[in-house]
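In what follows, a structure is listed as structure tokens, so that the remarks can point back to it.
The values are calculated or read from the model by the stated rules, or taken from the named source; none is laboratory data. What you are looking at is a predicted structure, and each value in this text was computed from that prediction instead of being measured. Note that each Cβ is placed from the backbone with ideal geometry, even for glycine, and that neighbours are counted across all protein chains shown.
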Amino acid sequence: MIGAVIGDIVGSVFEFDNQRSVDFPLFSSSSTFTDDSVLTFATAAVLLGKRDYAAAYQDFARRYPDRGYGGNFYRWIYTDDPKPYNSFGNGSAMRVSPVGFAFESLEETLAEARRSAEVTHNHPEGIKGAQATAQVIFMSRKGATKAEIKQEITRRYGYDLSRPLDLIRQVNRFDATCPGSLPEALSVFLEGEDYEHTIRLAVSIGGDTDTIACIAGGMAQAFYGSIPAGIVRDARARISAEFVDILDRFQTQFPAASPLLT
């Protein structure tokens, strides 16, 4: 899960100031967590305490306001009787990484990813984005190769993963939907050489950088199993004490989510 949070923090300063290069400082004084991390920790809290997803998302978002929530979600946060609003935004995918680390069967993983998505993102594309992200994490930590992951995700979800990043980098623009973010994040993951390289690639393609890096970062953590200790330390210093506690408890309860620090 920390892999997704790092991606969010690193990408946060480039969302509206795209950096079409892999050569940039990972952290600056402006690097901070956004709604991606807030809702990722909310998902983790549900898995730790068997809470209701809608209640958890509302609770965390109300307590961490002004973190870049989309308009429809922002209105949903303050609704007394929250209902899904047929969204296919990439919010369902950005918050789902804990699910990919928490279960021992693909069936359980996909069912829980659906539950996490459909309280808001009940459009088929919104559910698909969450499930695809969680499945890549699940397959990665179970030892699948990238070729196997690419083949299965293409077969099951129909995403076009044939475009090289050199092409995506030239044409990518801000798109906060699952169809406009998942193929890009998946392509970043597939071309990444290690965790840090994956995050740098995610930022380099521009667009919705914090969310693309968040999604790809969770996948990369699961696949490589290790993250440089300095990167983890810098990210932990930028999240709240509550989030640090959730992260530590989640990694204790679900050891697959604990990266090797290098």
Of all residues in the range 131-168, count the ones that are surrounded by fewer than 17 Cβ atoms within 10 Å (Cβ to Cβ) and of a type in the set (A, V, I, L, M). 2
Can you confirm whether GLY49 is touching a strand residue (DSSP E or B) at 6+ places or on another chain (Cβ under 7 Å) and either on the phi < 0 side of the Ramachandran plot or surrounded by fewer than 23 Cβ atoms within 10 Å (Cβ to Cβ) (or both)? no
For GLY218, the lone unmet condition from (1) surrounded by fewer than 16 Cβ atoms within 10 Å (Cβ to Cβ); (2) out of contact with any strand residue (DSSP E or B) (no Cβ under 8 Å at 6 or more places or on another chain); (3) not aromatic (Phe, Trp, Tyr) is (1)
Just checking, does the range 167-174 include any residue being farther than 23 Å from HIS121 by Cβ, within 17 Å of the chain's Cα centre (by Cα) and in a helix (DSSP H, G or I)? no
Whichever residue in the range 83-126 is outside any loop (DSSP other than H, G, I, E, B) and of a type in the set (Val, Ile, Thr) and, among such residues, is nearest to the chain's Cα centre (by Cα): VAL99
Which of (1) modelled with pLDDT of 95 or more; (2) touching a Leu at 6+ places or on another chain (Cβ under 9 Å) is the odd one out, the single condition PRO65 does not satisfy? (2)
Lone qualifier among GLY206, GLY180, GLY230 - being among the small types (Gly, Ala, Ser), more than 15 Å from the chain's Cα centre (by Cα) and part of a loop (DSSP other than H, G, I, E, B): GLY206
Residue pairs within 7 Å by beta carbon, gap of at least six or interchain, first lying in the range 243-262 and surrounded by fewer than 21 Cβ atoms within 10 Å (Cβ to Cβ) and modelled with pLDDT of 95 or more, second in a helix (DSSP H, G or I) and basic (Lys, Arg), listed first then second, are VAL244/ARG236; ALA256/ARG141
Write out, first by first residue and then by second, each pair whose Cβ atoms fall under 7 Å of each other, whose residues are 6+ apart or on separate chains, and whose first residue, in the range 196-224, is of a type in the set (Phe, Trp, Tyr) while the second is at pLDDT 95 or above. PHE223/SER140; TYR224/ASP194; TYR224/TYR195
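Sort out which residues of the range 17-46 are touching a Ser or Thr at 6+ places or on another chain (Cβ under 8 Å), crowded, with 24+ Cβ neighbours inside 10 Å and of a type in the set (S, T, N, Q), and write them in order of number.
Within the range 17-46, THR40, THR43 qualify.
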Which of the residues belonging to the range 174-194 are over 18 Å from TYR69 (Cβ atoms), surrounded by 23 or more Cβ atoms within 10 Å (Cβ to Cβ) and not acidic (Asp, Glu)? LEU182, ALA185, LEU186, SER187, VAL188, PHE189, GLY192
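From the list PHE16, PHE73, which one is over 15 Å from the mean Cα position of the chain (by Cα) and assigned to a loop (DSSP other than H, G, I, E, B)?
PHE16
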Just checking, which of VAL171, VAL203 is buried (at least 24 other Cβ atoms within 10 Å of the Cβ), farther than 26 Å from ARG115 by Cα and of a type in the set (A, V, I, L, M)? VAL203
Reported set for the range 24-56 where residues are in contact with a Phe, Trp or Tyr (Cβ under 8 Å, 6 or more places away or on another chain) and either of a type in the set (A, V, I, L, M) or not in a loop (DSSP other than H, G, I, E, B) (or both) is ASP35, SER37, VAL38, LEU39, PHE41, ALA42, THR43, ALA44, ALA45, VAL46, LEU47, LEU48
From the list GLU152, GLU148, GLU184, GLU108, exactly one residue is farther than 16 Å from ARG95 by Cβ and touching a Lys or Arg at 6+ places or on another chain (Cβ under 9 Å). Which is it? GLU184
Residues in the range 59-69: is at least one under 22 Å from THR133 (Cβ atoms), in contact (Cβ under 8 Å) with a residue 40 or more places away in the chain and either in contact with a Gly (Cβ under 9 Å, 6 or more places away or on another chain) or aliphatic (A, V, I, L, M) (or both)? no
